[in-house]
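Here is the structure we will look at.
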Amino acid sequence: MILSDRDIKENIKSGKIKIEPFDIETQVSPIGVDLRLSRSFRIFKVNTRSHIDLSVKNFEPDTDLIFVPEGNSFIVHPGEFVLGMTVEKVELPNDLMAHIDGRSSLGRLGIIVHSTSGHVDPGYKGNLTLEISNIGKLPVGLIPGMRFCSLIFQMLSSEAEKSYQGKYIGTETPGTSKINEEFK
């Protein structure tokens, strides 16, 4: 079951769903909550690497972390892939999961808000990393603080036995892939 605005507000007011910072009056939509784009982005160093080697223990040297100054935009060029992040920190209980959904207004400009694995597990805590792509023909200037995606909440049939304890919990900047941890 997908939560309605009424259920979302009740869960936020009771503290079951935690979102910080958050304005319940302006960010709740009929079936979700709007989340905003932060000022931090992670871009890949495409000019100094021949490929991404999955056996490497840390991908951060293959990237640069960028903080967009107040009042500036972050330009995403056609064919470019960057990691972004939500302003809001999210905390879910063990009986709810969420889906990250892109905004139609951005999709009509060629911006894909989240390319894969757009779900948030029960028990997740932290900011959400966004996998952003421009599939359009023109560069698009993204404005930090803008409404960028929606979070749609879905009730589980029963409480999950195990909270999310994965490798991305507590993320505060757009983190690189940790797929190498699966090859131990």
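The values are calculated or read from the model by the stated rules, or taken from the named source; none is laboratory data. The shown structure was predicted, so the numbers you read here are calculated from the model rather than taken from an experiment. Note that we place each Cβ from the backbone using ideal geometry, even for glycine, and neighbour counts take in every protein chain shown.
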Legend entry - Those residues of the stretch 99-113 which are of a type in the set (Val, Ile, Thr) and part of a strand (DSSP E or B), in sequence order: Ile100, Ile111, Ile112
Inset, instruction - Consider Asp62 carefully, then state whether it is over 18 Å from Thr86 (Cβ atoms) and in contact with a Ser or Thr (Cβ under 8 Å, 6 or more places away or on another chain). - result: yes
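Residues are listed down the side, and each one gets a yes or a no for (1) within 17 Å of the chain's Cα centre (by Cα); (2) of a type in the set (Gly, Ala, Ser):
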residue	(1), (2)
Gly32	yes, yes
Ser40	yes, yes
Arg49	no, no
Asp53	no, no
Lys57	no, no
Pro61	no, no
Leu65	yes, no
Glu70	no, no
Val76	yes, no
Inset, instruction - Specify the residue that is nearest to Leu130 (Cα to Cα); the eligible residues are those in the stretch 55-82 that are assigned to a strand (DSSP E or B), touching a residue at least 40 places away in the same chain (Cβ under 8 Å) and not polar (S, T, N, Q). - result: Val82
Legend entry - Residue within the stretch 114-132 that is in a helix (DSSP H, G or I) and buried (at least 17 other Cβ atoms within 10 Å of the Cβ) present: no
Legend entry - Residue check, Asn58 surrounded by fewer than 18 Cβ atoms within 10 Å (Cβ to Cβ), on the phi < 0 side of the Ramachandran plot, of a type in the set (S, T, N, Q) and out of contact with any Cys (no Cβ under 7 Å at 6 or more places or on another chain): yes
Inset, instruction - Looking only at the stretch 16-39, count how many residues are basic (Lys, Arg) and closer than 15 Å to Glu172 by Cβ. - result: 1
Legend entry - Residues (among the small types (Gly, Ala, Ser) and in a loop (DSSP other than H, G, I, E, B)) located in the stretch 18-54: Ser38, Ser50
Legend entry - Number of the exception - Thr176 against (1) under 26 Å from Asp64 (Cβ atoms); (2) modelled with pLDDT of 95 or more; (3) assigned to a loop (DSSP other than H, G, I, E, B): (2)
Inset, instruction - Collect the residues in the stretch 74-88 that are among the acidic types (Asp, Glu) and closer than 14 Å to Asp64 by Cβ, keeping them in residue-number order. - result: Glu80
